[in-house]
Amino acid sequence: MTILETTDLTKMFGRVKALDRVNIEMKEGEVYGFIGPNGAGKSTTLRVLLGAIKATSGSARIFGKDVWKDAVAVHRRIAYVPGDVSLWPNLTGGEVIDLFMKLHGTKNRGRRSELIDLFDLDPAKKCGTYSKGNRQKVALIAAFASDADLYIMDEPTSGLDPLMEKLFQKQVLEARENGKSVLLSSHILSEVEKLCDRVSIIRQGAIIETGSLTDLRHLTRTTLLLETKKPPQGLSAVKGVHELAHKEGAIQFQVDTEELDHVMAFVSAFGIIRLESAPPTLEDLFLRHYETARPQAQ
Amino acid sequence: MYQSLFAQTGNLSWFVIKRNKLRFLIWLLALTALTAGTAASFLGLYPSEAERQALTTAMVNPATTAMVGRGYGLDNYTFGAMLGHQMLAMTALTAGIMNILFVSRNTRGDEEDGKTETLLALPIGRTSSLTSVIASALLLNVVLVLAMTGALVMLDIESINLEGALLYSAAIGLCGFFFAAGTAFSAQLAQGAKTATGLAFGLLMAAYTLRAVGDVNENALSWFSPIGWAQRTEVFVSNIWWPLWLLAGSSFLIAVAALYINAARDTGAGLFSASKGRKEAGFLLQGTGGLIWRLQRTGIFFWTVAMFLLGITYGSVLTDTEAFFESTNVIQGVVSQTSDLTLSEQFLPVLMSVMALIGTIPVVMAALKIKTEEKKDRMQHILGRSVSRIGQLAHYAVFSIALSIVMMLATAGGMALAMDQESLSGSTVFASAFLYLPAFWVMTGLAVLLIGFFPKYTFVIWLYLGYSYIAVYFGRIFQFPDWVGELTPFGWVASYPVEEIKPMPVIGLALVSLVIGAAGFFGFIRRDTNG
C-alpha cells in the first residue's frame, strides 16, 4: 500500500526552482532513503511534505491525504525530526519531550523513560545547556516515543556520536519490524546502506535515480585491481573500462557493472596473476552523480 | 596583553556598525527629528514672551515635574529653557532605550545564537567582541550628539546657541552611552539575552523613577540617577558642564567593569547560571497555550508589576497636583474653568494615554512572539505535530488580548489605589483605562496582519507605536492637526472623563482589529513558514 506519494512536486522560491517535478512513492513498512548533496532540495521536499511550505505545482499526499490541506490530520500519524533541532533555552529536555508527546497526542510514559535511558539523556537539564547532539536526542526521543505510522527524519544523526548513531539505527530497524515506515534524508551513505530498502537520489531539485540498493548497484562500477603475465594491451579501449591507472605493478580500473562479463573475457587472455575486486558502493554512485553535476567546474 | 584582549577590535567595530547601519540610521533620524521638530514647534506655539511665561504656571506642578523634571530658568522661560525642561529627560530616556536594544542584541543575543563563539575562534582578543560593541555604541552616541547639535544650531533660535545645543546633545548622548555601558555590564551577569535586556531596562526604569520621585519631593534622590545628572546641567540657562563628567566617568567605570568580567568569564556562562529543572512537564505545560505562558510568564510578571507601580506613581502625583493647585490658586489658564470636573479628572486622560501606550509594548510583544519562534526554527516542532496554523496563531492573539486586559487592570488598579477618591473615583479610572482596550486590539490585529503577510517586516509595528506615541502625547502639547492623531487607534479613544464616551469609536476600533486580524489569519494559513 502506498503511504506517501508525490507527483511532479515543484517548488519555486521566487524565480529559483528549488524542486523540479519530484516524484516519490513510498510503500507501507518501507525505510526510504532520500540522499543528495547539501542544497539539493532534501529539506525543501520534507518541508513540503510537512505542510510548512506550499508546493507551487504538483501534489503530495501522505496516507492518501493532501499534505497542505489536511496537515493536522496527517501530522497525527507522523513524527518529524528536523536536521537542526533548536529548542527553548529555558525549558528542560524532559519538559520539551513531554510537550511534544502531548502535542502529538501520545501517552506512553514507559517508552519515554526507556528511550531517555537508552539515549543517555539528562532530562533535568535546560535545553540552553545541551550540545547539538543532545538537542538531537530530545527530538529523536520525542519522535520514537510518539505513536506514529510514518517517521520523517531530516539528517537525524548529525551531531550524534557513533554509539548513538548505532542506537538510532536500531530504533529505525525496530520501527520497521513493527510495520512502521521511515523516510530518512541523509548524506551519510553507510547509514542509508544499512537501513534503507529503497533510495532516491536528488540533485539540484530533481530526482535522478530511484530504486532498491540492488537496482542502483547495476548502475555502479566495480573497481578491479589486476596483475597479468603479459601487459594487457588495449584494455583502456575496451567498452565499459574507466579510470585506468598503474599502481604498484598492477593496474587499477573501474568497470561498468553490465560490461563486467566481456571485460573479464578480454583480460583473461593476458594470464591473470592477481585479481581483486571492490564491490560497488553507494559512495561511488553518489560521487559519479555529483561529478556530473558540476561539469563546468573542470 | 593588549593583543590577547583587544586584537582586531577596530575591524570588529566596523563589522558591528555594518550589521546595524540601518537600525542606527533610523534611530539617529528619529531622535534628531524629534529634537529639532520639538524646538521648531515651540516657535509656532508660543511666539510671544508673554505666552511662554504663561506656560510656566502650567508646567510647574507635581504631575509635570514627575514626567519631565524640575523647571529651571522659569523667570525667563526662553525657548531653550523650554526645550531643556520639557524634552531633556524624555529624549535621554529614548536614547537609553536605543542603546539598550543595540548593546543587548549585539552581545548576549549574539552569544546565545552562537555567533560570538564563531568569532572567538578567529584570531581576536578575548574582549574584542564586547569592546567593539561598546566602541560602536560610543560612536553611535557621538554621531547622535553631532547630528542633534547641528540640527538645533541650524534652527537659529536666539536662546539656543552652539554651546547650549552642544551641552544639551552631549547630555543626552552621554546618558545614552551610560545605558550602553550598563547593558554591556548586565549582559555579563545574566545568562540569557532576555534577562540581560530586562536588567538593563530595569536600570533605565529605576533611573527615571528615582529622578521623578527626587524631583517631585525636591530631595537628593535625583542625584542617584544619570538622567538626574543630565538635568542638573540646566542647559540653555546656566550651561553647567561638570555633571557631564559624572556621566562620562561612571559610564567609563561600568564599561571597564563589564570588560573585566567579560575577560574573566567563560563564553556562554553568566554570574547567575542556569539551574537544573524539572524532569517532566508540569500540569500547565500541556499544549500551545501552556508553552506560551511558560515562555512569557517572567516578562508578564514584570510588566504587570511595572504597570501597577506606574499607576501608583501617577495616582499619587495626581493627588499631589490637586493639593498643589488648591494651595496656589493658579488654576486659571491651566485647565478649563468652566468644567465641573476636578483637576485630577482633567489630567487623567493625558496620563492614561501615556500609560496605555507603554502598556501596549508587552501586548504587541506577546503577539509577535510567534515570529521569534518561527525565526528560531522552533515553530516546526509545534506545527509538525497535531496543531493547526489557525490554532497556533489564535493562541498568540488571544494571549495578547488577555494581556491587554491584565495591563490595564494593573495600571488602573495601581492608580485607583493611590488616588484620593474624592477628586477621582475608581470607576472613572477603570472606565478611562478600559476605553483603550479596543486600541490595544487594533495593535494586536496589526501584529497578526504583519505575521500573516509580511513576517519579515514586523518591526513596522514598533515604528507605528512610536508614531502613535508622538501623535498622541506630543499632539496634545503641540496641537498637531487632527489627522495626525486620527492615523493611530489611540487617537480615536475618548479622553474620558473630559470627553463623553461615544460608542462609535469603540465599535469602529473593535471592528478594524477584527478585520485586519482575520486578514492576518488568512495570510498565515496560506504562506510558507520558515521554520
In the range A:122-150, residues that are part of a helix (DSSP H, G or I), within 13 Å of another protein chain (Cβ to nearest Cβ) and within 21 Å of A:E28 (Cβ to Cβ) total 1
Restricting to the range B:385-408, count the residues that are open to solvent by 10 Å² or more (accessible area, probe 1.4 Å), under 25 Å from A:A73 (Cα atoms) and either facing chain A (nearest Cβ under 10 Å) or in contact with a Leu (Cβ under 9 Å, 6 or more places away or on another chain) (or both). 8
Quick check: anything in the range B:106-114 assigned by TED's automatic domain parsing to the domain that holds B:F201, open to solvent by 20 Å² or more (accessible area, probe 1.4 Å) and under 29 Å from B:W245 (Cβ atoms)? no
Taking the range B:128-177 and keeping only residues that are surrounded by fewer than 21 Cβ atoms within 10 Å (Cβ to Cβ) and outside any helix (DSSP H, G or I), one is left with B:D156, B:I157, B:E158, B:S159, B:N161
Among the numbered criteria (1) out of contact with any Ser or Thr (no Cβ under 6 Å at 6 or more places or on another chain); (2) within 30 Å of A:Y151 (Cβ to Cβ); (3) surrounded by fewer than 24 Cβ atoms within 10 Å (Cβ to Cβ), which one does B:D377 miss? (1)
So, B:A248, is that one open to solvent by less than 30 Å² (accessible area, probe 1.4 Å) and either away from every other protein chain (no Cβ under 14 Å) or in contact with a helix residue (DSSP H, G or I) (Cβ under 9 Å, 6 or more places away or on another chain) (or both) or not? no
Report every pair of residues separated by at least 6 positions or lying on different chains whose Cβ atoms are under 8 Å apart, first residue within the range B:372-384 and more than 7 Å from chain A (Cβ to nearest Cβ) and at negative phi, second assigned to a helix (DSSP H, G or I) and open to solvent by 10 Å² or more (accessible area, probe 1.4 Å). B:E374/B:P455
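Every residue, every condition in (1) in contact with an Asp or Glu (Cβ under 7 Å, 6 or more places away or on another chain); (2) closer than 19 Å to B:L25 by Cβ; (3) outside any loop (DSSP other than H, G, I, E, B), yes or no:
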site: B:G71; (1), (2), (3): no, no, no
site: B:H85; (1), (2), (3): no, no, yes
site: B:L88; (1), (2), (3): no, no, yes
site: B:F102; (1), (2), (3): no, yes, yes
site: B:G109; (1), (2), (3): no, no, yes
Does B:I254 qualify as being touching a residue at least 60 places away in the same chain (Cβ under 8 Å) and over 29 Å from B:L120 (Cβ atoms)? no
Residue hits (the range A:151-171; open to solvent by 40 Å² or more (accessible area, probe 1.4 Å), over 20 Å from A:M26 (Cβ atoms) and in contact (Cβ under 8 Å) with a residue 24 or more places away in the chain) are A:G159, A:D161, A:E165
Evaluate the following for A:M153: is it closer than 20 Å to A:E193 by Cα, among the aliphatic types (A, V, I, L, M), within 19 Å of the chain's Cα centre (by Cα) and part of a strand (DSSP E or B)? yes
Considering only residues of the range A:79-119 that are of a type outside the set (S, T, N, Q), open to solvent by 30 Å² or more (accessible area, probe 1.4 Å) and more than 8 Å from chain B (Cβ to nearest Cβ), which is nearest to the chain's Cα centre (by Cα)? A:L118
Mind listing whichever residues of the range A:161-199 are small (G, A, S) and either part of a helix (DSSP H, G or I) or more than 16 Å from A:L150 (Cβ to Cβ) (or both)? A:A175, A:S186, A:S190
In the range A:36-75, residue farthest from A:K17 (Cα to Cα) [restricted to those that are within 14 Å of another protein chain (Cβ to nearest Cβ) and among the hydroxyl-bearing types (S, T, Y)]: A:S43
In the range B:487-500, residue modelled with the lowest pLDDT [restricted to those that are among the hydrophobic types (A, V, I, L, M, F, W, C) and open to solvent by 20 Å² or more (accessible area, probe 1.4 Å)]: B:V498
What is the one condition in (1) open to solvent by less than 30 Å² (accessible area, probe 1.4 Å); (2) touching a helix residue (DSSP H, G or I) at 6+ places or on another chain (Cβ under 8 Å) that A:E193 does not satisfy? (1)
Considering only the range B:457-486, state which residues are under 15 Å from B:T360 (Cβ atoms), surrounded by fewer than 17 Cβ atoms within 10 Å (Cβ to Cβ) and not hydrophobic (A, V, I, L, M, F, W, C). B:G466, B:Y467
Return the only residue of B:A63, B:A95, B:A30, B:A39 being open to solvent by 30 Å² or more (accessible area, probe 1.4 Å) and of a type in the set (A, V, I, L, M). B:A30
Condition check for A:Q204: at positive phi and of a type outside the set (G, A, S): yes
Of a type in the set (D, E), open to solvent by 50 Å² or more (accessible area, probe 1.4 Å), within 26 Å of A:A145 (Cβ to Cβ) and out of contact with any Asp or Glu (no Cβ under 9 Å at 6 or more places or on another chain) - does that describe any residue in the range A:56-78? yes
Conditions (1) more than 20 Å from the chain's Cα centre (by Cα); (2) of a type in the set (G, A, S); (3) surrounded by 20 or more Cβ atoms within 10 Å (Cβ to Cβ) -> A:A245 fails only (3)
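The values are calculated or read from the model by the stated rules, or taken from the named source; none is laboratory data. What you see is a predicted model; the values in this text were computed from it and never measured. Here the Cβ is made from the backbone with ideal geometry for all residues, glycine too, and neighbour counts use every protein chain on show. Ligands, DNA and RNA are stripped out before the accessible areas are found, and what is left, the full protein with its side chains, is counted by its heavy atoms. Shrake-Rupley method; radii C 1.70, N 1.55, O 1.52, S 1.80 Å.
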